[in-house]
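A.B. asks: This is the structure I have questions about; it appears just below.
The values are calculated or read from the model by the stated rules, or taken from the named source; none is laboratory data. This is a predicted model, so every value here is computed, not measured. Note that we place each Cβ from the backbone using ideal geometry, even for glycine, and neighbour counts take in every protein chain shown. Note: areas computed on protein heavy atoms with side chains; ligands, DNA, RNA excluded. Shrake-Rupley method; radii C 1.70, N 1.55, O 1.52, S 1.80 Å.
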Amino acid sequence: MAEQTYDYDVLVIGAGPGGYVAAIRAAQLGLKTACAESRETLGGTCLNVGCIPSKAMLHASELYDHAANGMMAKMGIEVTPKLNLEAMHGQRREAVKGLTGGIEFLFKKNKVDWKKGHASFIDAHRVKIGETTVTAKNVVIATGSSVASLPGIEIDNANHVVVDSTGALELPAVPQQLVVIGGGVIGLELGSVWRRLGARVTCVEYLDEILPGMDGDIRKEARKIFKKQGIEFKLSTKVTGLAVNGKTATLTMEPAAGGAAETLEADCVLVSIGRKPNTEGLNLEAIGLAVNARGQIEADHDFRTSVPGVWAIGDVIPGPMLAHKAEDEGIAVAENIAGHTGIVNHAVIPSVVYTWPEIAGVGLTEEQAKEGGPIKVGKFPMMANSRAKTNHEGDGLVKVIADAETDRVLGVWAIAVPAGTMIAEAALAMEFGATSEDIAYTCHAHPTHSEALKEAAMGVQGKPIHV
Ligand code: FAD
Ligand code: NAI
């Protein structure tokens, strides 16, 4: 029987960090590849409305904050900053334009065909994209995620009063009172941006602590630092209603466990209570692919779904919703399709909150590690790190969690100005199965913030030098 022919070896649906990386790697491996994207530009959530624009606003607002709030004056630089918000937005838009354009260039260079339009399955090997139909031997679903909404609360980014993360990146003026619903990554990053530029910020969190999923010590310490910076927290509190009258929102809240209601007025409310996988409109029914209770597509170790020839990666499958996790899965799925061995070690995926200082972690939290047996923990305060102290960056700590018997590192957590960069060393060490002693006896350059990681590792054996 003649082998069936297809337009493409691989069709990737979605051009976010999962999809565009999968498409480029598949093409590099000699597979004829196309990528469908319904957005006007490539790069997905991350490049268009996520990682990149948020970091552009975080970086710019951090510089403003240093000038406005005495940090620069501490170092003998006396300035009175003047905010040009339109110019700040301009440099954000430029960053996005440059990077999304860069993906278009990479597609051309690697001969990936960009199919513009919304994709939906006709069957497992035929996909309708806009008005055209494309056939492919393998289809990779990399459709990502979008904002989860709160029942009864309508997001209207154009009105700038009740916004999601996309709207919060585009505010035309600094709000007087910003209420952030959800003390997760988005709430703290974008709450920090507008706090630095002059807004009063109140964060309403349903749980009894911010940053769920992170190490307990780190969550507590992070909240103390944000509080010192001026963010107010209402923990164990649920929003039960929101009324908008012109440019004013009135929130009704009550204790999560029940109790007396209170109200809070704000000229801007950011809803940041999580994200949900994008599967609507894919016509998964046509290929008999069901989603799980959380709306995600289940994929196996190789990123195969239950439908032969259909694969899935990134935010649309279980796991942390992070760009680098999606990218690594993109590389692995392409390698598996090409007959190589693509693997992602989901136990070693760092996560970073890009505030000032940054908050980062990899591996198990202390709470999770304890469940597996006896552990040892080493901690080192940034205040005792010479570089951090010299730079007036003494807030935070580094924490190393190791197996008490084997000394193997199980998790590393850090609050430090460059914690996002420092955590890469911990991830590499864990990927190689390092012990805390391996880190402690690795020579670290002086004076660097990274010495705090070495000292925390020395602390696991109870022998730090500088504290
Ligand atoms: P996405 O990036 O969501 O891309 C999916 C693409 O598929 C989209 O462009 C969408 O238009 C397209 N699509 C969907 N359905 C279809 C269809 N049927 N047909 C055609 N196209 C379709 N992560 C980090 O690691 N670091 C950060 O600093 C960070 N910051 C963030 C800040 C914000 C404000 C937000 C919202 C997210 C942030 N994230 C960050 C998360 C990160 O953006 C996501 O984890 C990442 O983008 C997921 O990649 P993905 O490829 O799975 O999906
Ligand atoms: P999140 O899951 O990080 O935090 C949501 C928070 O809202 C949680 O603390 C949760 O307890 C709380 N919450 C849920 N329902 C609530 C309610 N009704 N009232 C009050 N609080 C409520 O989600 P977030 O911040 O929206 O971010 C979405 C995803 O985007 C995250 O999973 C994250 O991985 C990704 N992201 C990553 C970034 C990074 O890596 N630096 C930056 C921004 C987003």
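A.B. asks: Here is a list of conditions, (1) free of Cβ contacts under 8 Å to residues at least 24 places away in the same chain; (2) under 30 Å from G43 (Cβ atoms), and S272 meets all of them except one; can you say which number that is?
C.D. replies: (1)
A.B. asks: Next question. Going by the conditions given, is S120 open to solvent by less than 40 Å² (accessible area, probe 1.4 Å) and in contact with a strand residue (DSSP E or B) (Cβ under 6 Å, 6 or more places away or on another chain)?
C.D. replies: Criteria met by S120.
A.B. asks: Determine whether region 356-366 contains at least one residue that is away from ligand 2 (no atom under 16 Å from the Cβ), open to solvent by 60 Å² or more (accessible area, probe 1.4 Å) and either within 27 Å of G50 (Cα to Cα) or part of a helix (DSSP H, G or I) (or both).
C.D. replies: yes
A.B. asks: Going by what's in this entry, would G396 be described as assigned by TED's automatic domain parsing to the domain that holds E366, crowded, with 24+ Cβ neighbours inside 10 Å and under 21 Å from W356 (Cβ atoms)?
C.D. replies: Taking the combined requirement at face value, the residue satisfies it.
A.B. asks: Something else now. Only one of these conditions is not met by P308: (1) more than 16 Å from ligand 1 (Cβ to nearest atom); (2) within 19 Å of V412 (Cβ to Cβ); (3) in the same structural domain as S54 (by TED's automatic domain parsing). Which number is it?
C.D. replies: (2)
A.B. asks: Go through region 369-392 residue by residue and tally those that are surrounded by 15 or more Cβ atoms within 10 Å (Cβ to Cβ) and in a helix (DSSP H, G or I).
C.D. replies: Residues meeting the conditions: 5.
A.B. asks: Here's something else I'd like to know. Among what's in region 416-467 and is of a type in the set (S, T, N, Q) and not in a loop (DSSP other than H, G, I, E, B), pick the residue that is surrounded by the most Cβ atoms within 10 Å (Cβ to Cβ).
C.D. replies: Looking at residues that are of a type in the set (S, T, N, Q) and not in a loop (DSSP other than H, G, I, E, B), I get S436.
Per-residue answers, yes or no, for (1) of a type in the set (A, V, I, L, M); (2) within 16 Å of ligand 2 (Cβ to nearest atom):
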| site | (1), (2) |
| --- | --- |
| A124 | yes, no |
| V134 | yes, no |
| N138 | no, no |
| T143 | no, yes |
| A148 | yes, yes |
| I155 | yes, yes |
| D164 | no, yes |
| A168 | yes, yes |
| A173 | yes, no |
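A.B. asks: Now, a different point. What helices (runs of 4 or more DSSP H), lying completely within region 1-112, carry at least 1 residues that are away from ligand 2 (no atom under 16 Å from the Cβ) and open to solvent by 40 Å² or more (accessible area, probe 1.4 Å)?
C.D. replies: In region 1-112, 17-28, 51-68, 71-74, 85-110 are the helices (runs of 4 or more DSSP H) which contain 1 or more residues that are away from ligand 2 (no atom under 16 Å from the Cβ) and open to solvent by 40 Å² or more (accessible area, probe 1.4 Å).
A.B. asks: Condition first: assigned to a strand (DSSP E or B) and within 14 Å of ligand 2 (Cβ to nearest atom). Now tell me which residues in region 211-233 satisfy that.
C.D. replies: F233
A.B. asks: Could you give every pair whose Cβ atoms fall below 8 Å, whose first residue belongs to region 136-157 and is more than 11 Å from ligand 1 (Cβ to nearest atom), and whose second residue is among the aromatic types (F, W, Y) and in a loop (DSSP other than H, G, I, E, B), counting only separations of at least 6 or pairs across chains?
C.D. replies: A136/Y6; K137/Y6
A.B. asks: Residue check: is R294 among the basic types (K, R), free of Cβ contacts under 8 Å to residues at least 60 places away in the same chain and open to solvent by 20 Å² or more (accessible area, probe 1.4 Å)?
C.D. replies: For R294, the condition - among the basic types (K, R), free of Cβ contacts under 8 Å to residues at least 60 places away in the same chain and open to solvent by 20 Å² or more (accessible area, probe 1.4 Å) - is met.
A.B. asks: Mind checking which residues of region 202-217 are within 16 Å of ligand 1 (Cβ to nearest atom) and open to solvent by less than 30 Å² (accessible area, probe 1.4 Å)?
C.D. replies: Scanning region 202-217 gives C203, L211, M214.
A.B. asks: Which of the numbered conditions does V353 fail, given that it passes all the others? Conditions: (1) open to solvent by less than 50 Å² (accessible area, probe 1.4 Å); (2) free of Cβ contacts under 8 Å to residues at least 60 places away in the same chain.
C.D. replies: It fails just one condition, (2).
A.B. asks: Please enumerate the residues belonging to region 136-164 that are farther than 19 Å from L190 by Cα and among the acidic types (D, E). Show your work before the answer.
C.D. replies: Taking region 136-164 as the starting set, the residues that turn out to be farther than 19 Å from L190 by Cα are 136-144, 151-154.
Residue satisfying the conditions is E154 alone.
A.B. asks: Being farther than 14 Å from C35 by Cα and crowded, with 18+ Cβ neighbours inside 10 Å narrows it down to one residue among V127, V140, V147; which is it? Don't jump to the end; show me each part of the working.
C.D. replies: Details: V127 fails: farther than 14 Å from C35 by Cα; V140 fails: farther than 14 Å from C35 by Cα.
Of the residues listed, the single one that is farther than 14 Å from C35 by Cα and crowded, with 18+ Cβ neighbours inside 10 Å is V147.
A.B. asks: With respect to T442, is the statement that it is in contact (Cβ under 8 Å) with a residue 24 or more places away in the chain, in the same structural domain as M382 (by TED's automatic domain parsing) and not aromatic (F, W, Y) true?
C.D. replies: In short, no.
A.B. asks: Answer yes or no: is there a residue in region 271-283 that is more than 16 Å from ligand 2 (Cβ to nearest atom), surrounded by fewer than 14 Cβ atoms within 10 Å (Cβ to Cβ) and closer than 30 Å to N138 by Cα.
C.D. replies: Yes, there is a match, as at least one residue in region 271-283 is more than 16 Å from ligand 2 (Cβ to nearest atom), surrounded by fewer than 14 Cβ atoms within 10 Å (Cβ to Cβ) and closer than 30 Å to N138 by Cα.
A.B. asks: Among the strands (runs of 3 or more DSSP E) contained in region 234-334, which hold 3 or more residues that are of a type in the set (A, V, I, L, M, F, W, C)?
C.D. replies: Filter on region 234-334 gives 237-245, 248-255, 268-271, 310-312.
A.B. asks: Which of the residues that make up region 321-348 are touching a residue at least 40 places away in the same chain (Cβ under 8 Å) and within 13 Å of ligand 2 (Cβ to nearest atom)?
C.D. replies: Passing the criteria: M321, A323, H324, A326, E327.
A.B. asks: Going through region 175-201 one residue at a time, which ones are open to solvent by less than 40 Å² (accessible area, probe 1.4 Å) and near ligand 2 (Cβ under 7 Å from one of its atoms)? Walk me through how you get there before you give the answer.
C.D. replies: Pass one, region 175-201, residues open to solvent by less than 40 Å² (accessible area, probe 1.4 Å): 175, 177-184, 187-197, 199, 201.
Matches in region 175-201: I181, G182, G183, G184, G187, E189.
A.B. asks: Residue by residue through region 176-201, note down the ones that are within 16 Å of ligand 1 (Cβ to nearest atom) and small (G, A, S).
C.D. replies: Of everything in region 176-201, those that are within 16 Å of ligand 1 (Cβ to nearest atom) and small (G, A, S) turn out to be G182, G183, G184, G187, G191, S192.
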